[in-house]
Amino acid sequence: MTKKLILFVLALMMTIGSVCYADGTRKPDPSGINTGNVSDISAAKPGEPVATEISDAVGHNKVAINMMWVLVTGFLVMFMQAGFAMVETGLTRAKNVAHTIAMNFLIYPLGMLGFYMTGFALMFGGVGALGTLGGFDGLNSEFSLSLAGHSFGLFGMKGFFLNFSVYDVGVLAMFLFQMVFMDTTATIPTGSMAERWKFSSFFIYGIFVGTIIYPIFGNWVWGGGWLSTLGKEFGLGHGHVDFAGSSVVHMTGGVLAFVGAAILGPRIGKYNKDGSANAIPGHNIPMAVIGTFILAFGWFGFNPGSTLAGGDLRIAVVAVNTMIASGTGAMASVLWMWLYKTKKPDPTMMLNGMLAGLVAITAPCAFVSVGGAAIIGLISGVLVVEAAIFIDQKIRIDDPVGAIAVHGVNGAWGCLALGLFADGTYGDGWNGVAGTVKGLFYGGGFSQLAAQFIGVATNIIYVGGIGWIMFKLIDKVVGNRVKPEDELLGLDMPEMGVEGYSGVKLDKNSETPLSR
């Protein structure tokens, strides 16, 4: 009897350990000791003290598995920054390598600090309980407007500077994972605007993108904002669905890349007087190839990690879909160039084809079959070639690495592809709507596709508009473009004060290393 009483008291103490505030919300748990209990096990029956104690331990372990999954996949996504740095530096000229790779490096702390100060709160301050990460529900304040009987969530209001009110292990795991996603968005324009972007302008941009530009659209899709509730409020499928960021991450970066490159103008020598384009080849294809492999590897954190749960076995489907789409994207782009365009298997298009496939599958990866992923990748491989040529030669936007075609165009395609190919085997209850996510080809009608289209159009309007305002304001303050003489000389010494290839003699025409 005494033993049972002691066990009962211990179980009661463990239950009290995860106490709530008077209003019913959980207290933050910075130690993690009280995170995960019987409430995290749907089948638990906490009627008896021993059962409660065991259930709490199992619940703690379940949350621990999820948290470890989120953190490890977040670390993989962080390493993608090295991939971006190598791709963009390899596809630009030798005289600008220190400048290009420095932008890819510094965007990491710039975006991170902006996201820490305001970005995370604006994006997730009203998201609600973090179900897979311990159930902390202190991120519960979304600023919304009510119009014609419908609620439109606009931004969150909890969690600025990760203050003590959100000092919780689940929140901090979520912050790390979401911060590296934001950083992917932030680094995309460093490729499209390379070789003529003033570093001081880039510096200011790096702060803006993490503090307000990315978080606001992210809130609308992932933070409980109005795009995610198009299903509940207007009956449009499950609202705008983007599993891992084709619109939130890649389209946002691609649209900013388009606006920034258009405002900067082309590099000197890119276009002739008759408007025809000159190729300006990158200086190191092997570097770009290795960078692409790093990105493809990191994408296995990007997409599967977005389950936010190591116990969600759908991660196997997500991972294979990610792999297959990258392969079909690469094959489609190289064959399209080889057979129909240049009659050569252009290695730079191989790389962008693989990246296009990865971008396109990022939104629908959890909702489509492997066959659907293969088709999505094939279309993206052709689309990236045609989009890159159109952007370069028809509308004359100079994008040294093809970032707009890869991330902007194929980010949009990935979102629309979900509205077509979602097969109805996953996503029950997504965005608060009963039933699984179904696209047009699987009996879902046009409602899900309509929600996807609205999300894509909103991204173009919002990100394009605020990006244009930002770059114009920066231009007034410090100027966006370097001086012509600095551009011709190369940006490494004028802008950075350091040569990227110290002591290397460059051919003034080809600008490739000759000798030391």
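Since every read-out is calculated from the coordinates, none of them should be taken as a lab result. In this text the structure is predicted, and so the values were computed from the model without any measurement. All Cβ positions, even for glycine, are placed from backbone atoms using ideal geometry, and neighbour counts span all protein chains on display.
Structure notes:
- In a reduced charge model with +1 at each Lys and Arg Cβ and -1 at each Asp and Glu Cβ, the chain shows a dipole moment near 580 debye about its Cα centre.
- Between 0 and 90 degrees, the angle of helix 252-264 with respect to the longest Cα principal axis of the chain falls at about 30 degrees.
- A Cβ-based charge dipole, computed about the Cα centre of region 462-501 with Lys and Arg at +1 and Asp and Glu at -1, lands at about 380 debye.
- Applying 0.36 nm per residue to the separation of residue 462 and residue 290 and subtracting their alpha-carbon distance, the gain on full extension is 58.5 nm.
- Of the residues 181, 290, 220, the one whose Cα sits farthest toward the positive end of the charge dipole of region 166-317, with +1 on the Cβ of Lys and Arg and -1 on the Cβ of Asp and Glu, is 290.
- Full-extension gain in nm, residue 152 to residue 105, via 0.36 nm per residue minus C-alpha separation: 13.3 nm
- P(r) for region 258-362, from all Cα pairs and a bin width of 10 Å, is 13, 31, 32, 17, 6, 1 %, short bins first.
- For region 342-410, the convex hull spanned by the alpha carbon atoms encloses 81 Å³ per residue.
- Projecting the Cα atoms of 347, 306, 138 onto the charge dipole of the chain, computed from C-beta unit charges around the Cα centre, puts 347 farthest toward the positive end.
- Normalising the average separation of contacting C-alpha pairs (under 8 angstrom, six or more residues apart) by the number of residues puts the relative contact order of region 68-485 at 22 percent.
- Value of D in µm² per second that Stokes-Einstein yields for the chain, Kirkwood Rh from Cα pairs, at 25 °C (0.890 mPa s): 103 µm²/s
- Nearest-ten-degree value, helix 285-302 long axis tilted from longest Cα axis of the chain: 20 degrees
- Packing-based ranking of 448-461, 334-347, 84-97 yields 84-97, 448-461, 334-347, ordered from highest to lowest mean Cβ neighbour count within 10 Å.
- For region 192-279, convex hull of alpha carbons as volume per residue, Å³: 137 Å³
- Whole-Hz ³J(HN,Hα) from phi, Karplus 6.51 cos²θ - 1.76 cosθ + 1.60, for region 207-215, glycine and proline x: 6, 4, 5, x, 7, 9, 5, 5, x
- Acute angle (nearest 10 degrees) that the helix 347-362 long axis makes with the longest principal axis of the chain, alpha-carbon atoms: 30 degrees
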